[in-house]
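The values are calculated or read from the model by the stated rules, or taken from the named source; none is laboratory data. The structure displayed is predicted, hence computed values, not measured ones. Cβ placement follows ideal geometry from the backbone for every residue including glycine, while neighbour counts extend to all protein chains displayed.
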Amino acid sequence: MDQKTSLPRSLASIARLYPADAFARLRRAHIAVIGLGGVGSWAAEALGRSGVGRLTLVDYDHVAESNLNRQVQAGLDTLGKAKTEALAERLAQVAPATELVCIDAFLTPENAAEIRHCGADFFIDACDDLLAKQSFILQFAARERARQLIICGAAGGKRDPGRVVVADMAQAVHDPLLSKLRYGLRKSHNFPRQGKMQVPVVFSTEPMARGPGSLGALRKTPHQEDLQESAAAVKAGPGSALACAGYGSSVMVTATMGLQAAAWAVTQMR
């Protein structure tokens, strides 16, 4: 314990970055991370190490060998464990000052309202289910979305962490998941077709790497990419899953997306 500040020594360095009142708000903050994969697990770890007072971890999946390349809690000793349990055990070691709450559930349209009202001040949606994302966004008024929520896009097929940004959903490019989500919100839920949608998102501006036969796709302009994705969304219809088979994933990108989402959340708490 730091005798001058009454803070745990583990938080002394991060505390020096902020005015005392701003860091006190962060210590009182409650943030929920929904989906603990290659993006969400890194967001949760960053928030814990940054002194967030309470974290709610939401997922129903278990650690698998295929997670070893990109998920914080994935190790040979955690294979088969619930992701919430494995990540909570890790955070207890690296962020002992953070209170942890685990919800063993996938986000679904049926439980979106319940998770929305779990008491968190801010939510990071890092799940990959389209309808779940849409249902969760609809739990927030526009003013609330701008201050209490960030939606994570798709990291598959991305290689360059320097292309990861935070912007309004209306500005997202090269992301079929966000494109389809945006299309559905505009078509069925009266979200504006011009200007900002008041939905903060983290995504990569890098075109998706589609393998040796995809060089033509990589040369598409953002406008062409959006037209193609919107057409695919119409064809697929509401509620259908986007095909991700064949896309690889890099921890450099997934972790950067998680860290960007965590940084955005911390900014809102200040």
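The selection criterion, being under 20 Å from residue 259 (Cα atoms), crowded, with 24+ Cβ neighbours inside 10 Å, of a type in the set (S, T, N, Q) and out of contact with any strand residue (DSSP E or B) (no Cβ under 8 Å at 6 or more places or on another chain), holds for residue 71.
Residue 115 meets the conditions (1) crowded, with 20+ Cβ neighbours inside 10 Å; (2) more than 19 Å from the chain's Cα centre (by Cα) in every case but one. The failed one is (2).
Residues are listed down the side, and each one gets a yes or a no for (1) under 19 Å from residue 261 (Cβ atoms); (2) in contact with a helix residue (DSSP H, G or I) (Cβ under 7 Å, 6 or more places away or on another chain); (3) not β-branched (Val, Ile, Thr):
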{"residue": "52", "(1), (2), (3)": "yes, yes, no"}
{"residue": "81", "(1), (2), (3)": "no, no, yes"}
{"residue": "120", "(1), (2), (3)": "yes, no, yes"}
{"residue": "129", "(1), (2), (3)": "yes, no, yes"}
{"residue": "140", "(1), (2), (3)": "yes, yes, yes"}
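Within the set 88, 97, 74, the sole residue that is in contact (Cβ under 8 Å) with a residue 60 or more places away in the chain and among the hydrophobic types (A, V, I, L, M, F, W, C) turns out to be 97. Within region 27-37, identify whether any single residue is surrounded by fewer than 15 Cβ atoms within 10 Å (Cβ to Cβ) and either over 19 Å from the mean Cα position of the chain (by Cα) or not small (Gly, Ala, Ser) (or both), and answer yes or no. Within region 27-37, one or more residues are surrounded by fewer than 15 Cβ atoms within 10 Å (Cβ to Cβ) and either over 19 Å from the mean Cα position of the chain (by Cα) or not small (Gly, Ala, Ser) (or both). Regarding region 159-168, can at least one residue be identified that is surrounded by fewer than 17 Cβ atoms within 10 Å (Cβ to Cβ), at pLDDT 95 or above, of a type outside the set (Ser, Thr, Tyr) and under 21 Å from residue 110 (Cα atoms)? No - not one qualifying residue is present in region 159-168.
The set of residues from region 85-97 being buried (at least 17 other Cβ atoms within 10 Å of the Cβ) and over 17 Å from residue 59 (Cβ atoms) comprises just one member, 95. The residue that is nearest to residue 71 (Cα to Cα), among those in region 136-151 that are buried (at least 19 other Cβ atoms within 10 Å of the Cβ) and free of Cβ contacts under 8 Å to residues at least 60 places away in the same chain, is 151. Restricting region 176-193 to residues that are under 20 Å from the mean Cα position of the chain (by Cα) and of a type in the set (Gly, Ala, Ser), the residue that is surrounded by the most Cβ atoms within 10 Å (Cβ to Cβ) is 179.
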